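Report on the following structure.
Derivation of every value follows stated rules applied to the coordinates shown; laboratory data play no part. Given the structure is predicted, the values throughout are model-derived calculations rather than measurements. Cβ placement follows ideal geometry from the backbone for every residue including glycine, while neighbour counts extend to all protein chains displayed.
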Amino acid sequence: MGEETGSRNPEILPEKMNILVLANKLPFPPRDGGSIATLNMLLGLHHAGHQLTCLAMNTSKHPFPLEQIPQELQNKIHFLGVECDTSLRPLRLLINLLFSNTPYIAERFKSKSYSRALHGLLQAESFEIIQFEGPYLFSYLEQIRKESPARISLRAHNAEHLIWQRICLKENSPVKKYYFRNLARRLQTFECMVSNRVDMLIPISEKDEAIFRELGTFTPMLTIPTGLNLAEYPLTEIPGDSSIFFIGALDWLPNQEGLTWFLDHVFDLLLEELPEIRLHVAGRNAPESIRKKLVHRNIIFHGEVEDARTFMQSKGIMVAPLLSGSGLRIKILEAMALGRPVVTTSTGIEGIPAENLRSVMLGDDPQSFKSLLLKLINDPEMSARMVAEARKLISQEFDTFRLSLRLSQFYKAQA
């Protein structure tokens with residue numbers, strides 16, 4: 001099978017369905033992993049022949065004018081945005097911690113304006129499937145049950161409680177450790193409850209599926225990872241300079257933690273052997289503690305880049321030093337699709353069937369991480385072989401159209 005896929009076979013397409021996707025932020029522009037996962041799934045389901053509507057919160061943290069979404073994309077997907085303030089409010093957080101069992105991270109997405117918009121949409125249209133993008137819009141489930149006969153699906157981008165359990169284990173501050181432990185416990189209970197009250201569960205990795213089953217989830221389940229359209233990821237030659245890069249949202253704790261570990265424990269080891277090496281860092285909303293660490297003559301901090309693919313194509317080797325997290329690291333998939341070698345960790349590779357390590361390199365301690373980077377820098381032929389294997393893996397396992405067809409067939413069987 002050729003790697004550039006996407007042609008339809010009408011004989012295997014399920015009957016057309018009207019599908020509503022609910023999201024806690026607009027999936028455009030697709031700059032971060034969550035937005036990419038949502039938008040690619042929407043496009044894949046459209047490609048499979050379905051009618052798609054996306055009702056998204058247009059938050060103060062991720063605002064975007066709907067009129068700036070390209071018309072070509074709006075012709076495929078009906079985007080509706082609702083302005084919502086989901087910002088963190090310390091007093092409400094404290095009240096939640098003292099008097100509620102619901103995670104505050106979920107309470108932030110309760111919005112009367114979003115509920116009204118949902119009501120109007122359900123009155124105006126009939127949907128076969130309504131899909132939650134993540135568990136945090138669960139507060140609207142009862143409203144949907146009352147106002148629509150649609151089957152309800154939860155697409156779980158992560159096992160959220162696992163992220164906070166891992167962060168808690170590495171936290172040294174007693175106060176933060178207590179809060180993270182409390183949050184992880186609440187999230188585990190919350191996710192278990194949510195996953196058993198929807199009609200279908202779509203984990204994004206097999207590991208997350210196993211975690212949900214261990215929690216006692218009995219809902220019909222199908223693992224569908226984030227897909228990519230390889231036609232949008234052209235292969236380009238790897239630059240010959242000694243450049244490595246990190247890209248990821250720097251307001252996400254696992255990215256902060258991983259980059260800090262790399263800067264504190266790996267980068268100096270690398271400089272001892274390659275004094276000319278340059279590290280390029282891209283990511284939005286970096287806290288001051290991270291910004292200070294990035295002030296270095298061998299580090300170039302780009303902030304949030306307009307086009308992540310162009311940024312990755314202009315650099316050499318990706319470093320993805322993740323120590324916590326769950327789900328699937330989409331930026332790693334994108335780098336592999338673009339033909340960029342990747343050095344990551346056991347956590348970073350979760351959800352990617354690359355255990356043979358022919359398509360990605362794995363280092364869990366500073367010395368091995370450094371050594372793997374040096375191998376790739378000094379051996380272009382090894383890099384080329386790894387890139388070829390990575391591209392092949394993406395084509396076989398992460399084709400968005402093939403994955404969306406599987407999801408369509410699952411939905412039709414459950415509807």
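Overview of results
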item: Percentage relative contact order, region 32-94, counting C-alpha pairs under 8 Å, at least six apart; result: 38
item: Inter-site label distance for residue 116 and residue 16 at 7 Å from Cα along Cβ, in nm; result: 3.3
item: Pairs of alpha carbons in region 103-160 whose separation is greater than 15 Å (percent); result: 51
item: Efficiency of FRET between residue 61 and residue 358 - r from beta-carbon atoms, R0 35 angstrom, step 0.05; result: 0.35
item: Region 156-289 shape via C-alpha gyration tensor axes, a/c threshold 1.5; result: oblate
item: Over 18 Å (Cα to Cα) - which of 61/293; 25/110; 370/392; 16/412; 25/112; 61/110 fall in this group; result: 61/293; 370/392
item: Segment residue 297-residue 268, extension gain: residue separation times 0.36 nm, minus the distance between their alpha carbons; result: 9.2 nm
item: Where labels lie 7 Å past Cα in the beta-carbon direction, separation of residue 379 and residue 71 in nm; result: 5.3
item: Nearest-20 debye value, region 247-398 charge dipole, Cβ charges on Lys, Arg, Asp, Glu; result: 340
item: Cα gyration tensor shape of region 8-137, rounded if a/c is under 1.5, else prolate or oblate by comparing a/b with b/c; result: prolate
item: Student exercise, the chain dipole from Lys, Arg, Asp, Glu Cβ charges, in Debye to nearest 20; result: 1180
item: Net +/- balance of residues flanking residue 171 in space, Cβ distance below 14 Å, scoring K and R +1, D and E -1; result: +4
item: Rounded to 10°, Cα long-axis angle of helix 33-47 versus longest principal axis of the chain; result: 60
item: Centroid-to-centroid separation of region 345-382 and region 240-295 [C-alpha atoms, Å]; result: 17
